[in-house]
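Below: one structure, written as C-alpha cells.
Throughout, read-outs are computed from the coordinates displayed, never taken from laboratory work. Just so you know, these numbers come straight off a predicted model, no measurement behind them. Cβ atoms come from the backbone with ideal geometry, glycine included; neighbour counts cover every protein chain shown.
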Number of protein chains: 2
Amino acid sequence: MISVEEQLKSMKQQMMAKGYKSTVQREATMRVLLEHERDHMSAEDVYMRVKERFPEIGLATVYRTLELLTELHLVEKMNFGDGVARFDLRSKDHEHMHHHMICSICGEVEEIKDDWLTELEQRVKREYGFNVSDHRLDFIGTFSSCKHGDCRRHCETAS
Amino acid sequence: MISVEEQLKSMKQQMMAKGYKSTVQREATMRVLLEHERDHMSAEDVYMRVKERFPEIGLATVYRTLELLTELHLVEKMNFGDGVARFDLRSKDHEHMHHHMICSICGEVEEIKDDWLTELEQRVKREYGFNVSDHRLDFIGTFSSCKHGDCRRHCETAS
DNA sequence: GTATATGCAAAATGTTTGCATTTCA
DNA sequence: TGAAATGCAAACATTTTGCATATAC
C-alpha cells in the first residue's frame, strides 16, 4: 500500500502533466478523498470535510475539482439512484471499478473488491461488438444480519 | 406475448388490489409506458407523450404515478448518470432486470435481455450473506460501428 | 360521503455557470 | 505576465410538496 503523501504526489503529477494547475483547494479535496477512499461521498459530503480544514473553499470549486478528477480517471463518479452523485478515489491497487451490494433495509453500500466481470466483458464484445471500457454492477437486496434485526453498521447515518 | 389491453388490465388489478384507485391519468401513463416498453424514458418524456392524448395532465401526476408504479414493481427506475431518472416497464416476460451497454460515443443505451448474473448472485449470497432481490449491470464502452464513424442509430436524439 | 388523486404553483434539491478577483507556473 | 482557478451568487434542471378542487369507490 502506497502512503497518502505518495499518492497525492502522483495525482498532482498526473494533473500537471495534462496542463492543470496544482492548487491548495485541489490538494485539500484530494486529501479528503484519500482519507475516505471507499465512503461513496456526495459532493456535499466532500465539501463539508474539506471546509473543516479549508473554510474559505466554495462548493463550486469542489464540484469543479471532482469533475476534473473524474475526467482524469482519478475518481469514480457513481449514482445509486437517490439523485446524488457519489465519488470515490480510483486508487492504484483498484484499477477496475468494484461492485456494490446495496441493502434495502439499512441503505448500507458495501463493496465487492474483486472484478467478477472479465468473462462477461469478453462475451459482450463477442456477441454485440461492444468494447467495454468500464462497468457497473450493483446488487440490491438484504444482508442476513439486517434481516435478523441487527444491522451491519451505521444504519442511522444512511439517511 | 400478451396484448396491451391485457397487460393494462393486469396492472390496474395489481394497483387496486393494494388499495390504489384507477384513474384516467394513471391509465394514460401506463399506456404510454406499454407502448415504449424499452425506451428508457425520463419523467419529462413520459409527461410529453401522455400530454399528447391527455393535455390537462400535470407533470406532478406523472411523477407520482411513476413513483407508485415503481413501488408496485411494475416499472423499473434507472439512472445512467446524466442526472435524470429513467423508467421502463417491467413486463411479465422480462421479470428480471436486463443489462445495458452504454455507448460513450453516441450515448445510445442498448439492452442485453438475458440474465447473466444468476451465478454471481449465488456467489454473493455464499460469500457475503447477501440476499439479492435485484441487480443492475451496465457496461460502458463503444460499439464497433460507432468507432468506425457510422453510429448505430438516432445518435442525435441521444441528447 | 369520504378518502384518495389531481393540477397548479411554489419550494426544495443538486448541479452548473458568469464574472470579478486571485493565484499559480 | 497571462492563462487558469477561485468564490460568490445567480441560474438551472429535476423532483417534491402544499393546498384547494375534483374524482373514484
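Side notes on the structure shown:
- As a rough footprinting exposure proxy, the listed residues B:Asp114, B:Asp134 were ranked by other beta carbons within 10 Å of their own, and the order from fewest upward is B:Asp114, B:Asp134.
- Taking A:Met48, A:Met15, A:Met78 and counting other C-beta atoms within 10 Å, the order from fewest to most: A:Met48, A:Met78, A:Met15
- Candidates B:Arg49, B:Arg31, B:Arg126, ranked by Gaussian network fluctuation over chain B, Cα under 10 Å, top entry: B:Arg126
- Alpha-carbon centroids, segment B:1-51 and segment A:7-84: separation in whole Å: 42
- Extension gain for B:Ser22-B:Gln122 works out to 32.1 nm (0.36 nm per residue, less the C-alpha to C-alpha distance).
- Mean sequence separation of contacting Cα pairs (under 8 Å, at least six apart), scaled by the length of chain B, corresponds to a relative contact order of 17 percent.
- Average beta-carbon neighbours from other chains, 10 Å sphere, peptide B:80-89: 2
- Placed amide H near A:Ile112: partners under 5 Å, 5+ positions off or other chain: A:His99, A:His100, A:Met101
- Put in order of Cβ neighbour count within 10 Å, fewest first, the listed residues A:Asp115, B:Asp138 become A:Asp115, B:Asp138.
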